[in-house]
Every structure is written in C-alpha cells, then in structure tokens.
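Step one of this worksheet: look at the structure below.
The values are calculated or read from the model by the stated rules, or taken from the named source; none is laboratory data. Keep in mind that this is a model prediction, so the values were computed, not measured. Virtual Cβ from ideal backbone geometry, glycine too; neighbours counted across all protein chains shown. Accessible surface areas use protein heavy atoms only, side chains included; no ligands, DNA or RNA. Shrake-Rupley method; radii C 1.70, N 1.55, O 1.52, S 1.80 Å.
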There are 2 protein chains.
Amino acid sequence: MEPTPTSDATAGASGTGPVLPGLEGSGNDDIVQPGQLAMPEVMPTTPSAPWFSGPFSDEDGYDLWLRYRKVADPMLLASYQAALKSVVVGQPTPTLTIAEQELEHGMNGLLQVTLSRSDQVQAQGSILIGTPQSAPQIAALPLMQTLAGLGTDGYVVESTMVEGKPAIVIAGNRDVAVLYGAFALLRHLQTFGSLANLSLASAPQVQRRILDHWDNLDRTVERGYAGPALWEWDVLPGTISGRYRDYARANASIGINGAVLTNVNANAQVLTPAYLAKVKAIADELRPYGIAVYLTAYFSAPSEIGMLASADPMLPEVQAWWKAKADEIYAAIPDFGGFLVEANSEGQPGPKDYGRTHADGANLLADALAPHNGIVMWRASVYGSESSTDRVRQAYDEFHPLDGQFRPNVMLQVKNGPLDFQPREPFSPLFGAMPQTPVALELQITKEYLGQDTHLAYLGPLYEEVLKAETFVAGPGSTVAKVVDGALQGQKLTAIAGVSNVGTDRNWTGSHFNQANWYVFGRLAWEPEASSQSIAEEWVKQTFSNDPNVVGPVTGMMMASRQAVVNYMTPLGLVHQMASQHHYGPGPWVSDQTPLDCNPTYFAQADARGIGFDRTTTGSDAVSQYASPVRDTFGSRATVPDDFLLFFHHVGWSETLSSGRTLWTELTERYSAGVSAARDLGTTWAALQGKLDDERFNEVAGFLKIQADEARWWRDASLDYFGSLSGLPIPPQYEPPLHPLNFYEALTCPADVTKARCPDVYTP
Amino acid sequence: MEPTPTSDATAGASGTGPVLPGLEGSGNDDIVQPGQLAMPEVMPTTPSAPWFSGPFSDEDGYDLWLRYRKVADPMLLASYQAALKSVVVGQPTPTLTIAEQELEHGMNGLLQVTLSRSDQVQAQGSILIGTPQSAPQIAALPLMQTLAGLGTDGYVVESTMVEGKPAIVIAGNRDVAVLYGAFALLRHLQTFGSLANLSLASAPQVQRRILDHWDNLDRTVERGYAGPALWEWDVLPGTISGRYRDYARANASIGINGAVLTNVNANAQVLTPAYLAKVKAIADELRPYGIAVYLTAYFSAPSEIGMLASADPMLPEVQAWWKAKADEIYAAIPDFGGFLVEANSEGQPGPKDYGRTHADGANLLADALAPHNGIVMWRASVYGSESSTDRVRQAYDEFHPLDGQFRPNVMLQVKNGPLDFQPREPFSPLFGAMPQTPVALELQITKEYLGQDTHLAYLGPLYEEVLKAETFVAGPGSTVAKVVDGALQGQKLTAIAGVSNVGTDRNWTGSHFNQANWYVFGRLAWEPEASSQSIAEEWVKQTFSNDPNVVGPVTGMMMASRQAVVNYMTPLGLVHQMASQHHYGPGPWVSDQTPLDCNPTYFAQADARGIGFDRTTTGSDAVSQYASPVRDTFGSRATVPDDFLLFFHHVGWSETLSSGRTLWTELTERYSAGVSAARDLGTTWAALQGKLDDERFNEVAGFLKIQADEARWWRDASLDYFGSLSGLPIPPQYEPPLHPLNFYEALTCPADVTKARCPDVYTP
C-alpha cells in the first residue's frame, strides 16, 4: 500500500477512494504511516490548471511574428491561393534559396498549399524572385529605373506581366534585398493585405541596422532578461546551434543587417585565435541572411593578450598589433563589420590612460580596419571617468570638442538621451552637434529601466519620440532622424544600433510582448520616420491575430504602456529613481552609491523645498548644450514641457503647474495615473480570453498582474519617500499607500538579486 | 551603393558581381569607402553550413524519448493499426485524461491515426484503460489476482477479451499506475515490440523515485549544465510555465514520482508564505502526473525567517515553529512529500551548532511532518564539519553510531560512494550498515565530475555497478539494491534519489546524450536490478532510431563511454583529480585548497615513491568500515580489483600489477586507452551520418570532438604531473604529451569560469 500521499494525489478526484486493502507490491511498499487514513483528498473538483489542453503547446512564442497561420478569411484565402501557386528562381544562391524556402514555408502555412518550383513563369500564379543578374526574366522587365532608386537593400514587390503572364515579381539589386522583399510579401499576407494592384517598394534610410549584444563570454548577458546568451562559446566552433539561423532569419525579416556579438564591457579573449575561430563560425551562419558580425574591442588588448607593455595608441608596435589583428580577422571573416568600443568609461581602459584623446583611440582602430572597409563605432557615453557637476553633461562636454578629428570610418555612437535609457529623457544634445562626424543612434531594446522581462512597455513611442525630436540645429525639420539618416548634414555613413533583448529563452525575449520591441527596432531602423502605432498594429496581426477585436485592444495596450511606466516610475521628467544595481524596483531614497552621481537622490534633488535638477543657467547649465530655441524652451519654466519639467528645473512642492494643480498634487496624480493605466492593461487583456491561444494568454495575464502590483509598489514607495521630504499628505482623492516608507526601504530580496522583486510587496 | 561588405556577403557566390553602377538608395547610402573595389568575394563555393536544410528544425531534443515518429516498418505499422483504433475510458479523472491524451498523441504520431474515443469496447482495436473503480469493464475482468500483486504503482498491459471482443487493457490500482501503463505500451510500440500475446506487467521495487534539484531561488543551478532552473520563482504563482507539465510528463513516462524543488545548500526564503504560494502552484501542475514536491529545509529557518533567537531542536518554541510550518505547508499542498536536509556540512547550519546530534535534528522535522505523512530525507554526506584523517571515513563514522535513533519517517540519504560522485568509487559502506534505518540511495545524474554537458558518459553502468555491488552484510546476495529496496533488512520506507541534470535548455539536459542519464535513472529507480545495457538500447530506439545500424553502434558507444571517462580522468581507483571549483578539467597538482582534504594531491597521495591513498589497516583503515569479506578483498593488494587499487593502497611506481605491467606503465596504458576510447566514440558516430537528423547528428559530433580533445588534455596533463614525481619517462610505445607540465598548470580560462574549458589546450 502506498505509504504517503506522494503519488496518490489524484485518487480523491478520481473517485477511487482509498486503495484496495490487501494490495501489496512485489517489493516492500506496504508500510502504513501514522495518520494515513486521515489523509485529505487533495484534488479540487474544478482543476485550476488547464489539464485538458493536452500535453503539447504550439504557441510558445518561438516563431515570433513569423507564425504563418492559415488565413482565416475564406474569400481572402481564395484570392491568395489563386495568385500564389509557384515560385520561379533563376540562378540559385544561398540567399535566394533562403528567400525561396521562406516563401514556400510561409505559403504552406498561410495558404495551406505547396508552391511548385519552376524555371518558367506559369500561366498564372507565379512569384518570380531574383536580381537582374540572377534571373533573365527580371532583367527583361522594365524595372531599371525602379531598381536604380532602391540602392543595395531596397526591394520591389509588385503584380506585373512577365512574358505576357500575370505574376508577382520580387526584385532587388542584391540577393539580400530580394530576401527582404520576400519577407515584405509575407508580412503583407500575414496582415491580410490585398493583392489587387500589388505594389510594395521600400529602401532603408539607414545603412547599418545593428543589434548590440551585451553578451559575455560566459554566456551571461548584462541587462539581459531572456536567459543565457545565444552564442555557445564553450562548444563553438565544433557545434553550431540551429538557433543561430533562426535568429538570423528573424533579423532579416525586419531588415537588421549587423550584430555586435559581445558586450561593450569587453573581454580581450574574444580577439584570440581560438575565439576568432568561433566568431567565424557564427559569421558563416549569419552571412546568407545578410548579417555582418562586429565585435567589441578591449582597448588594452595589445597588452592583455598581445604581450605588449603598453596599449598607447601612438606607439608603432600598438598600431602594428591592431593592424595585424584586423588582417587576421578579415582573413577569416571577409565581411566583418568592425569594432564597437566603450573606452574610459565604467572601468574600461581607453586612450586617456595614456594621455591620448578619444579621437586618437578611435583612429588607431579605424586605421587598422580601413583597408578592409571596416568601421569603428565609438560609444559617446562616458561615466565616472572624471568628476562632473552634472553627469548628463559629460558626453557632450567630452566629445563635442573632438568633431572633425575622427577618421571617415569612425562613427560616434550616441544614446538616445544624455543619461542612460530612462523611461523618458530628452534627446541627447550631441545629435546635430557633430556635423563633421557620422553619429549613430543607440537605443536600448532590453528594458533595463522599464520593468525588464515582465512589465509590458512597448518602446515604439519612445523611439519615435526621439527620432522625431526637433534639434533645430538647422532650423525646423532638423529632427534626430534626419541627423541619423545622414540627410541633414550629408553624412555618408549611417547607423542605428539597439541593445538586444534576445537570449535563449524559448520566446527569445523573456516575454511575448518584449518581442515587439525587437520588431519595432528593426522596422524603425529601416524607416526612422514610420509610425510606431502602425508598426504595433502590424506586429499584433502577425503575432497574435488579425481579428479586429484583438488588434484594436492590444495595439491600444501597447501604445499606452510606455507612458504608464513613465508615470508609475519617473513622472514629470524624473529619472533614475530605480534601486541600485538591479534597476528594477523603486529606490528614490538610495544615496549610498559611489560615485555620488549614481544615486537616485542625486538625480531627483528632492528636499523640503522641492524637487528636480536645475540644469538651467542657474544650475548645471546642461540646457545650453542644446541648439536654440530648444535650449530656451527647455530652460524656461514657462515653456518646458511637463514631461521634462524636473529634468531641467528644481520646482517647489506647492508651485502651481500648467494643470492648475500644485507640483505635489500633480506628482501624486501622475503616479496614480500610472497605476490605473497598469491595471487597465490587465483588464483589457482579460477580455481577450478565448480569442488567443491559452498558453500565451495565460503567461501575459500573469505578467500583467505582476505589473499592476508593482506599479502600486513604485507609486507608494515613491510617494511615501517624497512625502517624507515635502511634509505634505497624499491628497484625499487618491488611494493612500499600502505601507509606510520604512517598509519599502527595508525590503531586501536575497532570493533574486538580479531583480529584487519582492513577493512581500504585494500583500498589505 | 553599399559602403562595405556588411550586407553584400552573398554577392560573390550569387554570381551577380559588383553592384550595378549608378544605383543609389533613396537615402544616403552611396558612400564609397577606400578599398571597396578590392573587396574579396567571401562566399565559399561549397557552403560549409547546411543552408539548404530549410529554416526549421524539428529535432531539437525537446521531445526527449517521447518522439512518437511514424513506425517505419510497414508490416509492423499495419499490425499496430489493426490493433489500436480506439480508446475506452470509464470515469474520467485528470490523470486518466492525461493517459488517454498521451495514447492519442502517441498513436497519432506512431501510427498516423486518430484514435476514436468511446464508452464502449469496439469489435476490435479498443484500448481499455482505467482502474477497477473507474471502469466497470475492468472490474469485470479476471484481473483481481494480478492487480493484487501490483501494489499502488504497478500496471498490467495485456491483450485480452473484453465483453467477448479482442482488446488491449491497461489497468492498475490507481490512476497513476494506469498512466505508467500507457507509457509502457507506447514504449513497447516505439521500440517495435510485438502485439502478439501482449503481456506487460511491472511494479516498482522502490516506493519513492525522486529527482533532487540543486536549484537556487535565483534560478542558478549548482552543478547544473543545462541553463537556468526550471522553476520561475520570480513570476510564480501568477505565471505557470508550460514546461512544468512537460517536465512532469517526461518523469511520469519513466516512473519518477517525486521532485525536491530546491538546492540542498538551502535558502530559508522558500519556507516563507510568499514562496510557499509558488511551491503550491508547481505542486498543482505536477500532481496529475503522480509527482509529489519536496523542499529542502534550512535548519536555522526558525531564526532566519521565524524571528526565534535559536533553532536548537530541543527548544519547545523551535519544535512548535516547525510544527506550525508543516501545518501551513500541508494546508496548501496536502500531498507534500517532505524535507530533504543537508545539515552541518558545506557551511550549512545543523543540530551540532547547538550540541545536538543529527538524529535530534532529523527527528525534530520528522515529528512536525509525521501527522501529515511527510518524511525527512537526511543527507549522510558531511564535509568539513570537523577535521578527519580521511574524508571518505566521515559519513560512516558520523552516522553509523546513530542507527536506531531516528524516527520511522526519517530516511538517511547516502551517496553511492563514500566520497563524492566520482567517475568510479567503491560503494558507500553505509549501505547495509544501518539495519534499523531506512537508507535512500543518492545518485548524481548531472555529470559534475564526468565532463558535464559535453562529454558523453552514459551513467547506466555506474548506477548498475553500485546497485549490484555485494555488501555481504548478510552473506552473498546482499547487494546494495537489496538494501535500498528494503528486501534485505525489511525496510518499509524506500527511495532512490538522483541529482537532476534538467534545466531550461531546449534539449533539457545540456546535450542529447545527457537525456539518457535522466532516463536510465528513472528506469533503474523503478527496477534496480535491470540491465543498463537493455535500458540504453531502449532509449536509443526511442530517441534516435530503431534502425539496427544505429541501435547497435550507439548502444555500444554509450556502454563504453563511462569507462573511457574513468580511464582518461581517474584510472586505477584514483579520485578527485579535477581542478578546483569547476571540477571540469584536470588539476592533479592542485594543493592550495582549504581544508586540505579538498585537494587533488591529498586524494592521490603521489610522491617520488608511488601513488595511492592507503586506506588499509596500515593507513586510515577506512576499509574496515566494510563488512567481511569485502574489507579483506579491498584491503589486500592480492585481491583488490585494479579498479579500486589506488583508492585503497599506496603503490610504488615500479611495482608490478596483475597485468604484468609496472604501475607507471599501467597508468600510462589506462590514460591512453581512455583517449583512444574517446576518439572511437567520434569515429563510430561519424559513420552514422545520414542515418540521423542533421541537427542532432551535428551537435553530437561537435561534442565528441571536444571530448576527444579534452581526453587528450586530461591524459597529458596527468601523465606530465605524475611523471614529474615518479621521474619516469612515458614508455616509448605511447604518444608523448602535447605540452609540458607548466603549460597545463598555467592554463586559466577567464572567459568561462564555470568550466575553465581552455581553447588553447587543443592546439599544439
């Protein structure tokens, strides 16, 4: 007889009652322990878990936005099936074969048909793909002028007559452009676009559309929330994960064409021969998808792994070392993209260790890479390198004087804001301020400061806000987008980089909605002036459903989500109120960090009189780094947008804002609005039950519950703390905090130091 | 025009040549960088990566041994299809529904048919499943006597007549036994068993078949090599990963019925209400699969999280605290299994901190659990708690005197060997030496000391070796298996525990072959006297192929693999020659660890005269912990098996062994044989190309290359080091080491501190 309830858990519900007396195993399992007969029947009559959904789940998120589920609308399906029957490829190449297979795979799912392959255009229903060089039928079409406008990466996808037969042609000047076109057609079908007079054409505004992986060689990921890093350094190059190609495919589908494999907090080991063999193996996998690999360069590598006594950029032996290293890399990886460098920041070595400038350092590497067409992406963010009255001034102060001193193959890589990927910051004043230097925009896709894996925060509006920000460096229309795409200042070298949120989690990004941030990054890097709302809608259709009752609410949730996070974490222009190290929960009271300008108290500058960092002419004067009239708009209390109020101004608690409320009431209002908005996300989602697969529905629902609870935690902890300084009570129309300040200050979460999510915080 | 080779990598191979002159993007992508025209054509004409295999791979290992691929033999398939057409379930319950769905899913794959469901047995082809209580048709069969012999977990699966119609019945006394029977039938089909006169019946010899997860609350896994831990503490209980059920299903398929969720190096937080809510959510998921959850108990939890001043087991308030805690747990989880405890070892607190014995400590928890039928599993391994002349003596010395002092619901959990999961150790002398105490066997499934994720080392023969070891405590036939299954000493409470190798890697266990160790653990825990060879064969058939040209070679590889590892790491009874902390590569020279009895030099006791640890009566006398005649066999140079020679004896370098070789030559021979065997694994595997899916074939091939290289590293480093002591040269018939000793001693691998796998080591 079974000795304990261990494996008899289901007996109660199954109606079998107690085990039959007298039954004995062939061994010795007949012990009866005290109390066994009193064992409770444990199975609830209504199981809370979905036992009956079967042991397999096919919507685990791995397929991302490339799910290719059968088109649900029968009329549309019939029209697609009539027009899409076979694929015609001329001279096959690895990339064209991938495009062909993707079309076959997509039609197999969407249309439930198997495309035939042919050398010849059929009477109808052919998709003709290729370049003028690979397919004579394409060369024969009157496409020369169209193609001439598409550059190297642009594509045309259109209905046309080929040899007198109606067909769809997917063409570009290079194979990878054709692959982009194939994905564009599939996106069109997945979003239920019409094939009548089909004419899609698009060329990217930015040349280099790059993911920066902050991935370490031990497979940890700095600020990664999606499991270990993709790159399996320990078993490369002998073992090639199938995931490398799936990663490349996802990137190609949204136009990403570069990947920096390693963390900006770099490790020189990756430049050793053993590791370069591993890098080559990855590069070989990504190449057919049009993706080049880049590496981060540890500035003192010549002494770390090269046995030189110094890494001084002015020493001939150092220059020779980098030149030889570049030659070695390109011998293995002829299309290597170049180096991304963080120097003299966060403890990384750099040229200033030798009394040289950032330009000296960047040019050293640029000269080594130039013969191979490689580039240097030199990060403009520098922290803690020297004391500063205002950390947000540092990047501009340090780099603006260097404009004109960089080699032509150096880009300065500038974060969207002057601080560090906050829920909201003004744009960095370096955009437009370096007219002689190609400036790349660096965005963060991983949500270090916006709730990491669990909180829903669609970053499209954040990206759009910075891209559309007016710098006024050359009058109206001088947007950040126009600086970055080179149009404004005639830059030839252009790039947008995003700090990747991808890991080995099954759903790639730690949550289903985080996939949308990867997606919108790629789509905006291709077309920086696109609408984040349209991109959200297109993502929802592909990822969840074309049902308007899903598309509308989910797009609405996404578009509201980032402002919700701003409100419950850092409203009214506050920044960096996150607790130290993990940057997850609230820590407005934290003041013990070194250097001092890492502390939330430093950033908020809150005291009995008021709150906010004076960056006007009466304060740090960071505002003067902006061109006029931006500096005037931000610098004046009368014109500064509320969204940046406390970023630029110290404001008294009882001063009246544009809303007519006092600052204290407005702050309470915004924190509370953030909590309400977080709760609304859950309510909206709950109404979608049954319209989506259970697996993703349930996971998202669980995460939204966490988000609503933690929004409250953020609000209450912040209001408790600021209230302790202002001495003002929470106005009576608002919910009082659940706990007093000392409760929140005392929270420590030893079990999960990376996030310090505190389960206790949810319960009053 | 494209400025760099970044995204033009495929142009060379595609035959398109240079980009058309005059093409310009709509943006600013027309920069030409120096040297561009000299850009190399980078695409090799023969791609090394399998571009043409399509973007999807369906053999990523996630399905484990439950792949259910279509039966390839048409005759067999027809016979299966004729006999398996519908499934008949009486009263449905969660567990029976899972069994039914598993059969449907399995037949759908294996037979490509959809089973019909019915309440009635059909004219032919019905599978009738259930218990006598759930299905009247089963109660009506003449199965009473058979069922009476099957205990609570045993099943019968047989062809029989039901209501005059030929059918297959799957029956047991409890629902979970029926689930085990369903998996047994599917295993039978997957291994191409005949349905003629089908009669499968089996009951487990051991009651509790448990996986111990050394999983921490931050999702790291101590000695885990398969990604983050399964349990998503940070988002539980709101979010339930679908993986919990897939994990439970895999366990149920091999009869595992318990899971200790947390690390033996414990964290008291898991006993707080917030975490217990998470544990309950996991338990609810595992329950229908017959799996009970257990937790590790941090001994000083009453003071850590309970605010008591002391955790002294004799204090009434401490006893009351544990009692209340147990009540709290069982209110949420009525079938909770109990506590696993490591106390006063590896820095963990325990009863000795208060001057109490291990029995006092275990009984404290046992009394709290007893009213709920819970048990305590108290680990017998104690390290570093006090100085010892011989660490392998410690467990026996400490626990043997306590026999008879434990409550009846306490089990002593004893590792297979007296040291620590080495590639080979003699069995622990505690087996059989505690006749009044239920003793659980603890095996390690994760390969801490046997090559971790990459090296192939099938542990079946290791487990079999210990289970079949003769303790002689009651004469011949007193095997460890008979101690553990309770037959020898009349124990009523029986258990086998395995330290899990499961994580969130897609293939679950870090490599495809590591899945076999999970499998063989479950199968041997069910039937401890089964043959590891038969289990290997059955696993290969289900996991890879029934093709005899696959089954034979792969089973052969598996059966040879563990001895290969023993030879290249620790031949002739050597133990613990692994480098410190990571336990991956060789470190025979390491002597700087504290305490001293953690050092490889301590374990090998090598010097100019010879090598080996004298554990005979002239040495530590650990050999006398064994019953006679084992102590005499091991204690005498004349009778000790070579496999344990240096474990028990210090032997001169030039002494002659039974092989006729000197010790030094024999040592060289064995290390070299290990390298040869590791190379043979790769050769055998290479011949299987085309017989297996590419994805798994390639990954395994890559790992086997690493193993062969690292076997050489192990051999060369070890022989260099021992040669430096013996002063003897490598005999001329053997390969000389690739590098001198100082090369191996100097290796440090900053990039991968968890494994210190050194890429440099492979290249001369």
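Of note:
- Complete set of residues in region B:225-238 that are touching a residue at least 40 places away in the same chain (Cβ under 8 Å) and either at negative phi or more than 8 Å from chain A (Cβ to nearest Cβ) (or both): B:Tyr225, B:Ala226, B:Pro228, B:Ala229, B:Leu230, B:Trp231, B:Trp233, B:Leu236, B:Pro237
- Residues that are in contact (Cβ under 8 Å) with a residue 60 or more places away in the chain and surrounded by 11 or more Cβ atoms within 10 Å (Cβ to Cβ), drawn from region B:726-742: B:Ser726, B:Leu728, B:Ile730, B:Pro731, B:Tyr734, B:Glu735, B:Leu741
- Residue match in region A:727-734 (condition: modelled with pLDDT of 95 or more and under 26 Å from A:Arg615 (Cα atoms)): yes
- Boolean, A:Ala78 is more than 9 Å from chain B (Cβ to nearest Cβ), among the hydrophobic types (A, V, I, L, M, F, W, C), outside any loop (DSSP other than H, G, I, E, B) and more than 17 Å from A:Ser134 (Cβ to Cβ): yes
- A:Ala266 being in contact with an Asp or Glu (Cβ under 9 Å, 6 or more places away or on another chain), assigned to a strand (DSSP E or B), of a type in the set (Gly, Ala, Ser) and under 21 Å from A:Gln348 (Cβ atoms): no
- A single member of B:Ala184, B:Ala196 is surrounded by fewer than 24 Cβ atoms within 10 Å (Cβ to Cβ), aliphatic (A, V, I, L, M) and under 22 Å from the mean Cα position of the chain (by Cα), and it is B:Ala184.
- For region A:463-488, filtering for residues that are under 16 Å from the mean Cα position of the chain (by Cα), open to solvent by 20 Å² or more (accessible area, probe 1.4 Å) and touching a residue at least 60 places away in the same chain (Cβ under 8 Å) leaves 1.
- Residue list for region B:331-350, filter: crowded, with 20+ Cβ neighbours inside 10 Å and under 22 Å from B:Ala281 (Cα atoms): B:Ile333, B:Asp335, B:Phe336, B:Gly337, B:Gly338, B:Phe339, B:Leu340
- Filtered by the rule that a residue be surrounded by fewer than 24 Cβ atoms within 10 Å (Cβ to Cβ), out of contact with any strand residue (DSSP E or B) (no Cβ under 7 Å at 6 or more places or on another chain) and within 20 Å of B:Ala184 (Cβ to Cβ), region B:148-165 gives B:Ala148, B:Gly149.
- Among the residues making up region B:152-176, a single one is closer than 17 Å to B:Val87 by Cβ and part of a helix (DSSP H, G or I): B:Asp175.
- Identity of the residue in region B:460-486, of a type in the set (D, E, K, R) and touching a strand residue (DSSP E or B) at 6+ places or on another chain (Cβ under 7 Å), that ends up farthest from the other protein chains (Cβ to nearest Cβ): B:Glu470
- Pair list, Cβ under 6 Å, 6 or more apart: region A:406-431 residue hydroxyl-bearing (Ser, Thr, Tyr), other residue in a loop (DSSP other than H, G, I, E, B) and open to solvent by 10 Å² or more (accessible area, probe 1.4 Å): A:Ser428/A:Pro418
- Taking region A:182-200 as the range and being in contact with a strand residue (DSSP E or B) (Cβ under 7 Å, 6 or more places away or on another chain) and modelled with pLDDT under 95 as the test, only A:Asn197 passes.
- Count - residues of region B:257-269 that are within 10 Å of chain A (Cβ to nearest Cβ) and either modelled with pLDDT under 95 or touching a Phe, Trp or Tyr at 6+ places or on another chain (Cβ under 8 Å) (or both): 4
- Per-region count, region B:237-254, residues open to solvent by 10 Å² or more (accessible area, probe 1.4 Å) and of a type outside the set (Ser, Thr, Tyr): 8
- Applying the criterion of being more than 28 Å from the chain's Cα centre (by Cα) and part of a loop (DSSP other than H, G, I, E, B) to the residues of region A:621-631, the residue that is nearest to A:Arg391 (Cα to Cα) is A:Asp621.
- Residues located in region B:202-224, provided they are farther than 23 Å from B:Ala274 by Cβ, within 10 Å of chain A (Cβ to nearest Cβ) and either part of a loop (DSSP other than H, G, I, E, B) or among the aliphatic types (A, V, I, L, M) (or both): B:Ala203, B:Pro204, B:Gln205, B:Val206, B:Gln207, B:Ile210
- Selection of strands (runs of 3 or more DSSP E) fully inside region A:84-143 by the criterion of at least 3 residues being within 11 Å of chain B (Cβ to nearest Cβ) returns nothing.
- Taking region B:502-530 as the range and being surrounded by 24 or more Cβ atoms within 10 Å (Cβ to Cβ), closer than 23 Å to B:Leu412 by Cα and within 13 Å of another protein chain (Cβ to nearest Cβ) as the test, the residues that pass are B:Ala525, B:Pro528.
- Subset of region A:515-537 (residues that are closer than 20 Å to A:Gln190 by Cβ and not hydrophobic (A, V, I, L, M, F, W, C)): A:Gln515, A:Asn517, A:Tyr519, A:Gly522, A:Arg523, A:Glu527, A:Ser531, A:Ser532, A:Gln533, A:Ser534, A:Glu537
- Boolean, B:Val499 is in contact (Cβ under 8 Å) with a residue 40 or more places away in the chain, in contact with a strand residue (DSSP E or B) (Cβ under 6 Å, 6 or more places away or on another chain), β-branched (Val, Ile, Thr) and open to solvent by less than 10 Å² (accessible area, probe 1.4 Å): yes
- Candidates A:Phe634, A:Phe647, filtered to the one that is under 31 Å from the mean Cα position of the chain (by Cα) and open to solvent by less than 10 Å² (accessible area, probe 1.4 Å): A:Phe647
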